[in-house]
Amino acid sequence: MATDRSSAGDPARTLALLWGLTAEEKPGRRRGPKQARSTGEIAAAAIALADAEGVDAVTMRRVAQELGLSPMALYTYVPGKAELLDLMLDTVYATMPRTAPADDGWRARATAVADDNRALFRAHPWVAAVSTSRPPLGPGLMAKYEYELSALEGTGLPDVELDAALTHLLGFVQTCARMAADERAAQQDSALTDAQWWQANADLLARVFDPERYPVAARVGAAAGEAHGGAYSPDHAYAFGLARVLDGLAALIRER
């Protein structure tokens, strides 16, 4: 379960930060000294830290250290860790790839959206672990949402189902990204690939596993293991699952 979530900070301060409203002068307020850093630089430093060490490593103190600021100075730019996380998310949303679809059909456009989000999760694995049930409503998120909805525009789905279809598609991609991250973590922790781990434990498995008692599991597991070189292939799971998700949406679109 994700321990970090977006929109956990003060809504007014978060929206002001994401949309650049903090730079506006208030009536009667004296102009202060020019700030040494921009919110873009702060977001970049925090994102780089999350990419390298995980989102748990991102603290106001660590980010301030990376920027050569004191922690108190950083708070003059960003209200706190919750707002910083929203800034990070909105920044990666704004800069994520926008792939040209293979053709003008909705299926090709939806595939491009799925591939773009998969690329986003590969570049920034921590994003897949953050709960966005209340998304950061910044310009990056809104541009992402507009782009992704446009992929399904013209299919005949009513607006509520259009939104639900996109949520279904993106949820599949995020699940695949989390499983792929788990596999990478297992390989790093064990210093073994999936195939090497199974080979190393083959004798032990043979001692405890009775193929006559579990004939279907034995047959299917052996076939999958031979095909993938292990129990799980992230690339195969993504390609197979994406095709099934699109098949399901195609059936819904035909009904409408």
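The values are calculated or read from the model by the stated rules, or taken from the named source; none is laboratory data. Here the structure is a predicted model, which means the values were calculated and not measured. Heads up, the Cβs are rebuilt from the backbone with ideal geometry, glycines too, and the neighbour counts pull from every protein chain shown. Ligands, DNA and RNA are excluded from the accessible area calculation, which covers all protein heavy atoms including side chains. Shrake-Rupley method; radii C 1.70, N 1.55, O 1.52, S 1.80 Å.
Close contacts from region 49-76, counting a first residue that is surrounded by 13 or more Cβ atoms within 10 Å (Cβ to Cβ) and a second that is hydroxyl-bearing (Ser, Thr, Tyr), with Cβ to Cβ under 8 Å and a gap of 6+ residues or different chains, come to Met60/Tyr75; Ala64/Ser70. Quick check on my filter: what residues within region 54-97 are assigned to a loop (DSSP other than H, G, I, E, B) and among the polar types (S, T, N, Q)? Of everything in region 54-97, those that are assigned to a loop (DSSP other than H, G, I, E, B) and among the polar types (S, T, N, Q) turn out to be Thr59, Ser70, Thr76. Confirm whether Leu252 is surrounded by 15 or more Cβ atoms within 10 Å (Cβ to Cβ) and in contact with a Leu (Cβ under 9 Å, 6 or more places away or on another chain). Spelling it out, Leu252 is indeed surrounded by 15 or more Cβ atoms within 10 Å (Cβ to Cβ) and in contact with a Leu (Cβ under 9 Å, 6 or more places away or on another chain).
Quick check on my filter: what residues within region 197-226 are aliphatic (A, V, I, L, M) and farther than 21 Å from Ala177 by Cα?
Once the filter is applied, which keeps residues that are aliphatic (A, V, I, L, M) and farther than 21 Å from Ala177 by Cα, region 197-226 yields Ala200, Ala202, Leu204, Leu205, Ala206, Val208, Val216, Ala217, Ala218, Val220, Ala222, Ala223.
For region 168-185, the criterion of a residue being among the hydroxyl-bearing types (Ser, Thr, Tyr), modelled with pLDDT of 95 or more, under 16 Å from Ser233 (Cα atoms) and open to solvent by 40 Å² or more (accessible area, probe 1.4 Å) is satisfied by at least one position.
Name the one entry in Gly221, Gly248, Gly225, Gly171 that is under 30 Å from Leu18 (Cβ atoms) and assigned to a helix (DSSP H, G or I). Before you say what the answer is, go through the steps one by one.
Numbers: Gly221 fails: under 30 Å from Leu18 (Cβ atoms); Gly248 fails: under 30 Å from Leu18 (Cβ atoms); Gly225 fails: under 30 Å from Leu18 (Cβ atoms).
Going through Gly221, Gly248, Gly225, Gly171 in turn, just one is under 30 Å from Leu18 (Cβ atoms) and assigned to a helix (DSSP H, G or I): Gly171.
In region 80-125, the qualifying residues are those that are of a type in the set (S, T, N, Q) and modelled with pLDDT of 95 or more, and the one that is least open to solvent (accessible area, probe 1.4 Å) is Asn117.
Give the residues of region 115-155 that are among the small types (Gly, Ala, Ser), out of contact with any Phe, Trp or Tyr (no Cβ under 6 Å at 6 or more places or on another chain), in a helix (DSSP H, G or I) and without any contact (Cβ under 8 Å) to a residue 60 or more places away in the chain, sorted by residue number. Correct list: Ala119, Ala143, Ser150, Ala151.
Conditions tested, residue by residue: (1) within 20 Å of Pro71 (Cα to Cα); (2) at pLDDT 65 or above; (3) aliphatic (A, V, I, L, M).
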residue	(1), (2), (3)
Thr3	no, no, no
Asp10	yes, yes, no
Gly20	no, yes, no
Lys26	no, no, no
Ser38	yes, yes, no
Glu41	yes, yes, no
Leu49	yes, yes, yes
Glu53	yes, yes, no
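For the criterion of being of a type in the set (Lys, Arg) and farther than 30 Å from Ala52 by Cβ, Arg213 passes.
Leu242 passes every criterion in (1) surrounded by 13 or more Cβ atoms within 10 Å (Cβ to Cβ); (2) among the aliphatic types (A, V, I, L, M); (3) farther than 18 Å from Arg118 by Cβ apart from (3).
Can we say Asp189 is under 21 Å from the mean Cα position of the chain (by Cα), open to solvent by 80 Å² or more (accessible area, probe 1.4 Å) and without any contact (Cβ under 8 Å) to a residue 24 or more places away in the chain? Steps first, answer last, please.
Details: under 21 Å from the mean Cα position of the chain (by Cα): no; open to solvent by 80 Å² or more (accessible area, probe 1.4 Å): yes; without any contact (Cβ under 8 Å) to a residue 24 or more places away in the chain: yes.
Answer is no for this residue.
Exactly one residue out of Ala177, Ala186 is over 14 Å from Phe121 (Cβ atoms) and part of a helix (DSSP H, G or I): that is Ala186.
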